[in-house]
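The values are calculated or read from the model by the stated rules, or taken from the named source; none is laboratory data. Just so it is clear, the model here is predicted, and its values are computed rather than measured. Note that each Cβ is placed from the backbone with ideal geometry, even for glycine, and that neighbours are counted across all protein chains shown. Note: areas computed on protein heavy atoms with side chains; ligands, DNA, RNA excluded. Shrake-Rupley method; radii C 1.70, N 1.55, O 1.52, S 1.80 Å.
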Amino acid sequence: MHYTADVIVIGAGSTGCSIAFHLARSGVKTVLMDQGAVASGPTGRSVAILRQHYTHPAVSHLAQLSVPFFANWRDEVGGDCGFVRTGFLTAVAVRDFEALKANVHEQRSLGIEVELLSVDQMHELIPDMVKTGLAGGASPQGGWAISLTRMR
């Protein structure tokens with residue numbers, strides 16, 4: 001049996017599947033290949049977090065574009081991806097606080113809704129959190145997505 005394609009995407013993790021999906025949806029004849037099953041690598045071992053807090057602006061921007069996609073999965077793809085908007089807290093030590101502030105500034109310039117939080121504000125959100133050694137954190141929009149019904 002012979003297959004032809006305009007594009008072959010190698011790697012059926014979250015990135016490869018997304019690339020193949022969007023190419024196919026735009027009419028490009030696409031084949032998705034992986035040495036194992038879909039999501040059999042790091043994607044399948046992830047904790048399904050959807051976050052926008054990354055140190056590289058391009059990655060933050062790509063993540064920013066993906067959150068509404070997950071929120072509207074039924075309309076975009078069909079079915080249920082199990083998206084739950086919970087927010088995402090990133091806490092840092094004193095030595096990393098200036099870098100976090102710069103990162104938050106960069107994310108805001110991209111239009112990402114992110115808030116710089118004090119240790120006390122984080123503790124209000126998570127009362128069991130140990131505050132020792134922390135300087136503050138950032139809380140951008142985010143959540144997690146996993147459909148347990150699809151895994152059965």
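Summary table
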{"read-out": "Close pairs (6 angstrom Cβ cut-off, 6 or more residues apart or separate chains): over 12 Å from L89 (Cβ atoms) in region 131-147, open to solvent by less than 30 Å² (accessible area, probe 1.4 Å) and in a loop (DSSP other than H, G, I, E, B) anywhere", "value": "W144/A48; A145/A48; A145/C81; A145/G82; I146/A48; I146/G82; S147/C81; S147/G82"}
{"read-out": "Positions within region 3-29 being within 17 Å of G41 (Cα to Cα), of a type in the set (V, I, T) and open to solvent by 70 Å² or more (accessible area, probe 1.4 Å), in sequence order", "value": "I10, T15, I19"}
{"read-out": "Meets criteria (of a type outside the set (S, T, Y), out of contact with any helix residue (DSSP H, G or I) (no Cβ under 6 Å at 6 or more places or on another chain), modelled with pLDDT of 95 or more and open to solvent by 60 Å² or more (accessible area, probe 1.4 Å)) for M33", "value": "yes"}
{"read-out": "Count of residues meeting criterion [at pLDDT 85 or above, of a type in the set (A, V, I, L, M) and surrounded by fewer than 10 Cβ atoms within 10 Å (Cβ to Cβ)] in region 128-152", "value": "1"}
